[in-house]
Amino acid sequence: MSDAPHGTPRNDEFPNSLPRPEGELEALERAWEMPKGIRILTEINNNFVGPLYIAAAFLFFVLAGILALLMRTQLAFGDNDFIGQDLYNQLFTVHGTTMMFLFAVPVVEALGVMMLPQIMASRDLPYPRLSAFAIWAYIVGGLVFFSTIFYDLAPKGDWFMYPPLTLTEYSPGDNADFWLLGIGFIEISAIAGAIEIIVGVLRTRPPGMTLARMPIFAWGMLIFASMIVFAFPAVILATMLLEIERAFGWPFFTAELGGDALLWQHLFWFFGHPEVYIIFLPAAGLVSMMVPTMAQTPLVGYRLIVVALIATGFFSFGLWVHHMFTTGIPALSLAFFSAASMAVAIPSGIQVFSWIATIAAGRERLRMSVPSHFILGFLFIFTLGGLTGVMVAVVPFDFQAHDSYFVVAHFHYVLVGGMVFPLFATFYYWAPVISSRMLSERLGKWAFWLMFIGFNVTFFPMHITGLAGMPRRVWTYPGNMGWDLLNTISTIGAFTFATGVLVFIVDVALNFRFGLQGPRNPWNAGTLEFMPNGNYSMRSIPRVTSRDPVWDNPSLPEEIEQGRHYLPGTVTGGRETLVTSPIEAEPQYIMQMPQPSWTHVSAAVFTAGFFLLLTIKQVELSLTCGVIAVISFIAWGWQLDKPDKGMVDIGGGIRVPTYASGPQSHSWWAMVVLMLVAAALYASYFFSYLYLWTVSPEVWPPGGSPEPPPLLYPLGSAVLMVGGGIAIRWAGRRLPAEGARSFAAPAVLALAALLLAGALALEIYGHLGTGLSPTASSYGALVYMNAFLVAETVAATVVLCLFAAARQIRGHVDAVRRANFDNAALLYYYTSAQALFGLVLIHGFPRLIG
Amino acid sequence: MGTLVFLCLGPLLWAVQLTLIYGPQSSLCAYGIGTGQGGSNLLVAGLILIVSALCMGLAAAALLRPGAAYELATGTRPSGETWPFLTWVMRALAALSLLAMLYAGLGALLLPACAQLR
């Protein structure tokens with residue numbers, strides 16, 4: 001709230017006057033010019049990577065849809081043998097996994113990456129290389145994962161991969177490993193995108209776009225990305241535990257050695273339920289953007305919708321056990337989660353009523369364009385899905401419907417209604433932003449009606465099929481169960497739906513022409529995304545004074561294009577964007593942005609290679625890929641943190657710096673979000689430790705396992721870490737003056753890194769000395785898992801400390817240009833804090849209970 | 001960051017309540033500490049009611065005294081043109097969270113703490 005601007009423009013004049021200096025626009029275009037030929041792959045700008053990301057996600061939607069058609073063909077009538085059981089298991093696993101992990105989340109992130117800079121009038125999001133890395137990693141990893149279906153290597157444990165079915169005894173071979181390593185890796189890519197979106201929304205809004213004026217899509221994306229930060233680490237930890245158990249026999253899920261298969265369900269659904277809302281909230285944001293435009297009136301209940309989005313984001317984390325109502329948990333526990341399931345219905349309802357009220361309050365009758373059709377379809381389908389959601393939130397009903405086709409119908413109504421229909425509305429609505437031609441209204445309406453009718457014909461009968469007793473995931477069923485007709489109807493519906501999607505693809509092929517100069521504001525939207533744009537987004541950045549700036553100032557597009565507003569050119573000579581304060585959006589500094597490069601492509605390809613080769617046990621090749629990936633990351637990082645270019649004028653008398661460090665810097669924010677991810681991962685581990693102790697206290701010391709090593713070991717580790725932290729603090733105060741070099745501070749950084757690694761080594765050595773084995777019991781596995789998690793953060797910290805030290809030696813870090821040092825120091829403090837907590841847990845808890 | 005925490009005070013308290021009632025309830029029931037006939041457990045029920053009352057009280061306080069809550073979360077006094085919006089959203093979220101906490105806490109009065117009931 002206290003972020004003071006360096007100057008304030010007078011309201012009665014534009015920040016910049018006309019005529020603009022000769023060559024200003026050309027310099028801006030030059031800075032943001034897309035590379036040509038094969039070098040287009042090095043481009044990182046949102047106007048290239050966004051559409052690429054959307055196209056890749058849509059490809060996965062189509063591929064997973066084809067798998068669904070195969071399944072529906074198999075189920076069209078009883079006793080069918082079109083597909084065998086083993087392949088059917090692979091089909092539904094890859095279908096669900098692809099739709100959830102390779103389509104739904106990525107396509108939403110893609111929309112964020114592509115559209116947020118347009119909506120927020122920024123040149124680009126703050127870490128475009130990180131976005132590009134995430135996208136390439138996702139494309140490579142996703143394609144390899146999907147291709148397993150062609151080689152009989154696809155996983156068979158459904159998209160939630162429950163153990164004990166997925167343990168080596170019941171799922172031998174590499175199939176499950178492709179899921180565990182492949183999806184774990186793609187989750188990391190999703191987290192990279194989430195960091196980009198959080199910092200982008202909070203720090204790159206135009207001046208005056210306070211939180212109270214932020215477009216609802218930006219709110220939706222902010223909450224979506226924040227949920228990823230807290231939800232995805234749980235499933236990453238789960239996949240790590242299961243893969244380690246499969247590969248090395250550490251018994252986290254094996255009951256006879258103190259593990260528990262239900263631990264997987266807790267961790268998976270702590271991610272899996274928020275995942276539903278992770279998919280829905282941005283879609284709700286999209287609807288909240290389109291409904292006011294189609295009704296030509298401001299959104300009714302803006303503040304209520306913000307409340308609803310935030311509340312849904314939070315409450316969705318309290319629902320995970322509602323997927324586990326039938327697992328034997330005490331009734332009162334179920335009541336807590338049933339209550340949360342009821343509570344989350346309130347904010348969802350608020351949004352639905354707000355949209356209906358906006359339509360009713362419209363200045364004109366709702367324009368029945370293709371986006372409106374899909375939005376109305378969404379309202380109908382999603383509301384039905386919400387109602388059956390309340391039904392399955394009632395515990396006794398869930399006992400009856402669990403694992404039946406009723407549940408299949410429910411979640412398709414929620415997911416397809418809540419996400420796919422708004423997405424298709426968005427395709428039609430926002431296509432003009434990146435296409436020089438509109439998509440066809442006629443074909444669009446055909447696509448809608450085929451999809452709407454096809455969807456309901458497919459999934460509505462499944463409610464009845466489920467209530468008639470048909471279980472999920474069966475590859476066939478006896479023809480005398482009375483399920484044949486309902487299944488035949490569902491299959492006809494599925495092909496009708498697919499025909500609708502095909503019509504959309506034809507429409508895109510006929511009418512979509514990639515280009516940034518499409519029809520200007522064809523729907524007369526009030527927000528900024530339809531402003532005249534180039535690869536640099538908008539020519540100049542306006543001061544926003546309302547939620548619908550274009551409706552309030554119809555001449556805004558011309559003013560922006562003429563360069564009358566802030567930053568009409570490039571003040572540093574390269575790619576840059578304006579960074580503003582997170583709450584009031586006042587200008588703070590100019591961020592110098594990276595240029596196109598091969599480094600992120602190489603990092604993505606070799607990171608994917610590392611994970612995927614590990615899956616097929618090619619350890620040497622995998623490690624080689626890992627080393628190349630780390631080198632690529634270092635080369636990438638070396639090109640960032642550009643030197644200060646002094647104060648610059650952005651117009652309206654506002655002068656801002658071209659460098660920032662500490663809490664004002666965008667890199668500090670990214671590091672803080674990254675630490676939240678690491679903390680969420682560790683919190684999941686902490687939960688796992690306590691959970692398994694609750695389940696199997698008999699394998700804990702002193703009775704079931706060797707006692708922890710003498711206190712001298714953890715105390716020694718603690719002293720080393722604290723000593724390293726003090727050294728880092730000392731080095732931070734003695735960074736050389738601007739432009740000077742120093743060798744003392746880098747030496748201290750290297751020493752601190754060494755102390756941290758020494759602390760970890762001492763901890764592991766202590767446990768090895770007691771004879772504790774990670775394969776003997778869940779207790780041993782958890783003790784060494786703690787060391788493994790600490791080792792991960794220690795490795796990252798050591799690399800970052802050595803990187804900062806090398807940058808100092810080369811004269812790229814000093815008392816002013818200190819972002820590299822600050823990032824290393826922040827991660828060091830976090831790693832030490834996590835490791836110290838771990839020492840207290842691992843050494844203190846067994847003594848406490850013993 | 002402090003402002004974002006202020007905005008989400010209600011849901012954060014709801015998360016604290018859920019953690020503090022679910023964790024101990026599961027553990028105490030698993031070990032049978034305080035469990036009586038028919039799965040009743042006064043220790044668990046009492047804990048749930050106390051935690052719920054505490055969290056709901058704090059949410060209600062934030063709802064009634066947003067200025068003080070803001071100072072507590074950020075260390076600064078409220079200012080800026082966004083303050084009315086932030087207050088409104090915080091209060092509405094706190095009210096929704098109060099309802100959610102009431103839903104969850106009521107279970108302790110209606111159900112035996114450790115019984116399966118099937």
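Being over 23 Å from the mean Cα position of the chain (by Cα) and within 12 Å of chain B (Cβ to nearest Cβ), is that true of even one residue in the range A:292-301? Within the range A:292-301, one or more residues are over 23 Å from the mean Cα position of the chain (by Cα) and within 12 Å of chain B (Cβ to nearest Cβ). Restricting the range A:299-324 to residues that are in contact with a Ser or Thr (Cβ under 8 Å, 6 or more places away or on another chain) and not in a helix (DSSP H, G or I), the residue that is modelled with the lowest pLDDT is A:L319. Summed over the range B:25-52, the residues that are touching a helix residue (DSSP H, G or I) at 6+ places or on another chain (Cβ under 9 Å) and away from chain A (no Cβ under 11 Å) give a count of 8. Listed here are the helices (runs of 4 or more DSSP H) enclosed by the range A:341-450 that have at least 1 residues being in contact with a strand residue (DSSP E or B) (Cβ under 7 Å, 6 or more places away or on another chain) and either β-branched (V, I, T) or over 23 Å from A:A311 (Cα atoms) (or both): A:421-434. Note on the range A:185-210: residues that are over 30 Å from A:L143 (Cα atoms) and either of a type outside the set (V, I, T) or more than 14 Å from chain B (Cβ to nearest Cβ) (or both) total 8. So for the range B:9-21 (the condition being within 10 Å of chain A (Cβ to nearest Cβ), buried (at least 16 other Cβ atoms within 10 Å of the Cβ) and hydroxyl-bearing (S, T, Y)), does at least one residue qualify? No, the range B:9-21 contains no residue that is within 10 Å of chain A (Cβ to nearest Cβ), buried (at least 16 other Cβ atoms within 10 Å of the Cβ) and hydroxyl-bearing (S, T, Y).
Which of the residues belonging to the range A:615-652 are outside any helix (DSSP H, G or I) and in contact with a His (Cβ under 9 Å, 6 or more places away or on another chain)? Result: A:D641, A:P643, A:M647, A:G651, A:G652. Looking only at residues in the range A:699-737 that are among the basic types (K, R) and exposed (fewer than 13 other Cβ atoms within 10 Å of the Cβ), which one is farthest from A:R807 (Cα to Cα)? Checked the range A:699-737; the qualifying residue farthest from A:R807 (Cα to Cα) is A:R733. Out of A:P774, A:P746, I need the residue that is buried (at least 20 other Cβ atoms within 10 Å of the Cβ), touching a Gly at 6+ places or on another chain (Cβ under 8 Å) and in contact (Cβ under 8 Å) with a residue 24 or more places away in the chain. Which one? When all the criteria are applied, what remains is A:P774. The residues of the range A:355-379 that are in contact (Cβ under 8 Å) with a residue 40 or more places away in the chain and within 22 Å of A:N456 (Cβ to Cβ), listed by number, are A:W355, A:I359, A:L366, A:S369, A:V370, A:P371, A:S372, A:H373, A:F374, A:I375, A:G377, A:F378. Residues that are touching a residue at least 12 places away in the same chain (Cβ under 8 Å), of a type in the set (F, W, Y) and in the same structural domain as A:Y784 (by TED's automatic domain parsing) are absent from the range A:661-680.
Selection within the range B:94-116: residues that are free of Cβ contacts under 8 Å to residues at least 60 places away in the same chain and either at the interface with chain A (Cβ under 7 Å from one of its Cβ atoms) or touching a strand residue (DSSP E or B) at 6+ places or on another chain (Cβ under 9 Å) (or both). The member of this set that is surrounded by the most Cβ atoms within 10 Å (Cβ to Cβ) is B:G107.
Of the residues making up the range B:65-93, just one is in a loop (DSSP other than H, G, I, E, B) and more than 13 Å from every other protein chain (Cβ to nearest Cβ), namely B:R65. The single condition among (1) polar (S, T, N, Q); (2) surrounded by 24 or more Cβ atoms within 10 Å (Cβ to Cβ); (3) within 10 Å of chain B (Cβ to nearest Cβ) that A:S333 does not satisfy is (2). Among the residues of the range A:32-85, not one is free of Cβ contacts under 8 Å to residues at least 24 places away in the same chain, under 21 Å from the mean Cα position of the chain (by Cα) and not in a helix (DSSP H, G or I).
Residue-by-condition table, conditions (1) modelled with pLDDT of 95 or more; (2) more than 14 Å from every other protein chain (Cβ to nearest Cβ):
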position	(1), (2)
A:S2	no, no
A:R20	no, yes
A:A57	yes, yes
A:L67	yes, yes
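Condition (residue is over 28 Å from A:V291 (Cβ atoms), out of contact with any helix residue (DSSP H, G or I) (no Cβ under 6 Å at 6 or more places or on another chain), at pLDDT below 95 and among the aromatic types (F, W, Y)) applied to the range A:467-486: is it met by at least one residue? No; the residues of the range A:467-486 include none that is over 28 Å from A:V291 (Cβ atoms), out of contact with any helix residue (DSSP H, G or I) (no Cβ under 6 Å at 6 or more places or on another chain), at pLDDT below 95 and among the aromatic types (F, W, Y).
Kindly evaluate B:A62 against the criterion of being touching a residue at least 40 places away in the same chain (Cβ under 8 Å), aliphatic (A, V, I, L, M) and in a helix (DSSP H, G or I). Yes: the conditions hold for B:A62. State whether the residues of the range A:630-641 include one that is touching a Gly at 6+ places or on another chain (Cβ under 9 Å) and crowded, with 18+ Cβ neighbours inside 10 Å. Scanning the range A:630-641 turns up no residue that is touching a Gly at 6+ places or on another chain (Cβ under 9 Å) and crowded, with 18+ Cβ neighbours inside 10 Å. Per this entry, A:V648 is not counted among residues that are surrounded by 21 or more Cβ atoms within 10 Å (Cβ to Cβ) and either out of contact with any Leu (no Cβ under 9 Å at 6 or more places or on another chain) or at pLDDT 90 or above (or both). Residues that are surrounded by 24 or more Cβ atoms within 10 Å (Cβ to Cβ) and within 23 Å of A:L18 (Cα to Cα) within the range A:569-587 comprise A:E576, A:T577, A:L578, A:P587, listed in sequence order. So, A:F821, is that one assigned by TED's automatic domain parsing to the domain that holds A:V699 and under 24 Å from A:E245 (Cα atoms) or not? When the stated conditions are applied, A:F821 does not pass them.
The values are calculated or read from the model by the stated rules, or taken from the named source; none is laboratory data. Computed from a predicted model, the values in this text were never measured in an experiment. Here the Cβ is made from the backbone with ideal geometry for all residues, glycine too, and neighbour counts use every protein chain on show.
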